[in-house]
Amino acid sequence: FPVTIIGLIIQGEKMAERRMMSKKIIHSDAFLDLPTSTQNLYFHLLLEADDEGFVNSPKRIQRTIGASDIDSQLLIDKKFIILFQSGVIVIKHWRIHNYIQNDRFKPTSYIDERSKLSIEKNDGYKLDTKCTPSIGEDRLGEFSIGEDSGVEDIMPTSSNIAYIVTGK
């Protein structure tokens with residue numbers, strides 16, 4: 001059974017009153033292996049997402065709860081969120097977590113980002129690789145990796161995060 005979270009009213013906008021979380025995702029070993037600060041960031045992103053799972057201010061949420069850039073990067077590396085060059089993110093498993101009735105559904109205003117996604121058989125979002133930017137610096141200060149970017153060696157990944165954190 002999904003877990004229900006009550007929504008908030010932020011900056012005069014009424015947010016959703018309820019958001020669901022699928023145990024299929026949040027009880028998975030991949031999710032539970034994440035640090036608690038990263039899990040907390042994921043939960044807050046779920047709360048703030050629009051009806052299609054898009055969040056336009058992930059850095060604001062990150063700063064508000066005291067999460068680090070490493071927490072955000074872990075969610076990207078572990079494929080729990082998809083980051084667009086615009087700085088908008090989408091929660092990969094949004095459609096597994098939440099189903100919104102047609103009479104309550106409000107389509108996302110991030111049409112360009114939505115057009116770069118397809119839906120996998122398991123209902124998760126997948127970035128259409130034909131639309132992936134090759135290089136650039138996005139709002140989060142990270143470089144987008146593409147075929148000719150040449151920045152693969154300096155990007156934090158799950159394999160080198162331990163070195164970044166501990167120096168070992």
Open item on the list: With the structure loaded, tell me whether residue 23 is surrounded by fewer than 20 Cβ atoms within 10 Å (Cβ to Cβ) and among the basic types (Lys, Arg) or whether it fails that test.
Closed with: yes
- [ ] Give just the number: which of (1) assigned to a loop (DSSP other than H, G, I, E, B); (2) among the hydroxyl-bearing types (Ser, Thr, Tyr); (3) at pLDDT 50 or above does residue 118 not satisfy?
- [x] (1)
Open item on the list: Take residue 145 and tell me if it is modelled with pLDDT under 50, open to solvent by 80 Å² or more (accessible area, probe 1.4 Å) and more than 15 Å from the chain's Cα centre (by Cα).
Closed with: no
- [ ] Go through segment 63-75 and give me each residue that's surrounded by fewer than 20 Cβ atoms within 10 Å (Cβ to Cβ) and without any contact (Cβ under 8 Å) to a residue 40 or more places away in the chain.
- [x] 63, 64, 65, 66, 68
Open item on the list: Filter segment 90-115 down to the residues that are closer than 14 Å to residue 55 by Cα, open to solvent by less than 80 Å² (accessible area, probe 1.4 Å) and aliphatic (A, V, I, L, M) and list them by number.
Closed with: 90, 91
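The values are calculated or read from the model by the stated rules, or taken from the named source; none is laboratory data. No experiment lies behind these values; they were computed from the predicted model shown. Ideal geometry is used to build each Cβ from the backbone, glycine not excepted, and the neighbour counts take in all protein chains shown. SASA here: full protein model, heavy atoms, side chains in, ligands and nucleic acids out. Shrake-Rupley method; radii C 1.70, N 1.55, O 1.52, S 1.80 Å.
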